[in-house]
Structures are given as structure tokens and as C-alpha cells.
Amino acid sequence: MGGMALAGAAIPGDVYAEERLLVHGANPQNLATPTEYFDRLETPTSVFFVRSHFGPPALKRERKLEIAGLVKKPVVFGVDDLSRFTELSVTAVLQCAGNGRALHEPRVPGVQWVHGAMGQAMWTGVRLSDLLDAAGVTTGAAHVRLRAADLPPKPAVPAFDRSLPMARALDPTTLVAYRMNGKPLSLSHGAPLRLVVPGWAGNHWMKWLTRIEPHAEEIDGFFMKKGYRLPKDPVAPGSSVPPEATVPVTTFPVKSVIARPVEGGTVPARALEIVGVAFSGTGAIARVEVRIDDGPWAEAKLEGAAGPGRWQVFRHRLDASPGQRRAAVRATETGGATQPEKPAWNPSGYFWNGWHSVTFTVAS
Ligand SMILES: Nc1nc2c(c(=O)[nH]1)N[C@H]1C(S)=C(S)[C@@H](COP(=O)(O)O)O[C@H]1N2
Ligand SMILES: [Mo]
């Protein structure tokens, strides 16, 4: 990634003191997880990527969430008020739609994420559907409009207003979460309350929630009508696509990333093991295959529970002769979709899911 300056940084005042994220932007925070952490089922919160458009609002644990709009009775909840609902924990991948953007050719504008805008965590909270039930959604509501406490730097910049189709809002895995990996949400990750939408790209996972409003229509505004959309049909690389020829991004496609060997690393011949993660927003992982150079594909062992929207660790030990080698991976989901060697280009560079490869040296 020629010319891209990625520096390790310790972020003062948050939980990052010991650990290192890759800084794509400090203000607002756009911090990527180093690829070598993708060797485990749970990404530590301290190295979990951070993406925000405007930076976080003030930390206010007492901030309230209001459910209003097309409801019988508007309700207001603080975090503590949620204890009357059933608590549940869901392990799910959070991945930015722009993860892998830097790998699209020709280059597209936006944060130049390589692989680090993803992570898997255990999210704990209550079902959004339970909160909507408490307010009593009235007929005609087809979307929920979502608002948050972070504000654009100046009034001319559109706010991060989003909406979620009602069917997805009512899905039993859609949570209003207050814990991540067993600890209260940190400010960077949306404290006190954020949305968790397993299988769907990160832009749906609204942080710093303040208001949820059932409504007949999708919300207006840049981040719904212009941003986070994909061409309906494949387009020629480099072309521009009018919004009316696009659809919103929802589920992320099947993907896998190698954590080890690391790019440019050296591995003793007897300890060669290819390790990484594989996942899909639409199905469970059926199979992960790895290969060295142009050798045959070999099926890797999978660890962890299988399911849509959650990742499994893959692992494969093999022998390779000394010298410079390239390892590649591709995953297949149940239902049959396999990662393409090179994914389709799109104007915002979303959902890059090509075969990941790393070049490394096998020591003699
Ligand atoms: N309020 C608010 N929520 C937000 C965002 C934002 O800018 N503001 N960014 C979204 C995007 S694009 C992503 S990828 C995820 C990132 O979540 P994380 O920072 O916890 O990793 O948050 C989403 N929720
Ligand atoms: Mo994102």
C-alpha cells in the first residue's frame, strides 16, 4: 500500500494504553485492528477497530434513549431501565462496509482500510423488538429511524442519521447493547447504548443512540440516500453511478483473512501454520481452503461455533520448502458462495472480499 502512513498509536484517556491500533485518522478516530489479531474468536476490545464520522460525543452514562414516532406510547429508557427486559449476548462480527477499500482498483475515495476495519465481539443487551413492543409500534411503520448524540463539525455537514427496515429491527438478533466482551461499552464503541445488527455492515450499528422512531419511510439525508449504497448491477471499474441505480448495503459477503504468517515474516519450516478467520453475513462457513504458491487447495480445520454473521478461526499446518512463499485463503459459505479471487469494483469501495494472500519466508 505505497505511500500509506500507518503508525502505531497509544490513545490517551481510553483503554488503548497498552495495545496498538493502526491510525487511519485521529480526528475523528479511524483506527484499524492489526491483522495479526485475526487469529482468535474474540477480538480484544483494546485493539478493536474504531470508526466514526465526527468523533464521539461527551461520555454520558446517564444519556437517555427515547422511542417515539409511530408508537402508541413514547417511552424513555436509561441504561438501568433496560434491566426489566430479557438480557442476551450475541457473538457477532462488526465489519465496516469500507473494509478492504484500499484494495479496490482503481482507487476510490474514503478511509483507506486494508483488512483492519473488522472484529468479532460478544455483545450484550436487550432485543430492539422488546423495546419497540414496550412502546407499541402502530400500523404503517416500515422503518425505524435512528439518531445519535454525535454531531457534525458544522451545521452544513449532514448528521449521521440512519434507518433500519422494520423486519431487520424486529429480528431477534438485533440488539440495543450496553456491553462488549463482558465489559460496559467504551465511549469509542458507542457508550452508553449502541445498536448491534449481526450480519449487516457496521454503518447500521448506530453508536451513542438517543432516539428510535418507527416511521413509514426510510430516513432522508446523505448517509441513507447517497452513502452506503452499492450499484444494483455490476458497473465498469471507475464509472460513476447515480443514486437511483443503487441499493443500500446490508449483509456482508463471505470473506477470510490470514493472521499468520504475517506479511513479510519469517517462519521455521517445521512450524508453518496458516491461521485466520472466515465469516459471512448471509450464511455459516462451510469450508476454508488454503494453498501455498500455486499448489493444491487444502481444507483447513475450523474452530468456534458456525453461523451467519459470526466468524470461525481456521488453522492448517503444512510443510513448505525453504524460500519465499505465498499463502492464500478462500472461504465458501453454506449455500455455495465462494470468495472471488478479485471482487467487483464499486464507486465507494465496499465489501472487498477477494482471496487474501501473504508473502513470507520459510527458513531452512
Ligand atoms: N452515531 C454513530 N454511529 C456509528 C458511526 C458514526 O459515525 N456515528 N459509524 C458507523 C460505522 S460506519 C461503523 S463501521 C461502526 C464502527 O463501530 P466501532 O467504532 O465500534 O468499531 O459504527 C457505526 N455507528
Ligand atoms: Mo463503517
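Here are the numbers for this structure:
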{"quantity": "Flag if GLN112 is farther than 27 Å from HIS215 by Cβ, under 18 Å from the mean Cα position of the chain (by Cα) and in a loop (DSSP other than H, G, I, E, B)", "calculated": "yes"}
{"quantity": "Residue pairs meeting the criteria (Cβ under 8 Å; at least 6 apart or on separate chains; first in contact (Cβ under 8 Å) with a residue 40 or more places away in the chain and over 17 Å from ILE258 (Cα atoms), in the range 38-51; second within 13 Å of ligand 1 (Cβ to nearest atom) and in a helix (DSSP H, G or I))", "calculated": "ARG51/GLY202"}
{"quantity": "Whichever residue in the range 242-276 is surrounded by fewer than 17 Cβ atoms within 10 Å (Cβ to Cβ) and hydrophobic (A, V, I, L, M, F, W, C) and, among such residues, is farthest from LEU41 (Cα to Cα)", "calculated": "ALA245"}
{"quantity": "Filter result (of a type in the set (Val, Ile, Thr) and either part of a loop (DSSP other than H, G, I, E, B) or over 28 Å from ASN203 (Cβ atoms) (or both)) within the range 244-285", "calculated": "VAL249, THR250, VAL254, VAL262, THR266, VAL267, ILE274, VAL275, THR282"}
{"quantity": "Index of the failed condition, MET206 passing every other in (1) over 20 Å from MET118 (Cα atoms); (2) modelled with pLDDT of 95 or more", "calculated": "(1)"}
{"quantity": "Of all residues in the range 148-173 being more than 14 Å from ligand 1 (Cβ to nearest atom) and under 17 Å from HIS215 (Cβ atoms), the one that is surrounded by the most Cβ atoms within 10 Å (Cβ to Cβ)", "calculated": "ALA169"}
{"quantity": "Pair list, Cβ under 7 Å, 6 or more apart: the range 225-239 residue under 17 Å from ASN203 (Cβ atoms) and of a type in the set (D, E, K, R), other residue in a loop (DSSP other than H, G, I, E, B) and within 16 Å of ligand 2 (Cβ to nearest atom)", "calculated": "ARG229/VAL249"}
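The values are calculated or read from the model by the stated rules, or taken from the named source; none is laboratory data. Quick caveat, the model's predicted, so the values are computed rather than measured. FYI the Cβ positions are ideal-geometry reconstructions off the backbone, even for glycines, and counts take in every protein chain you see.
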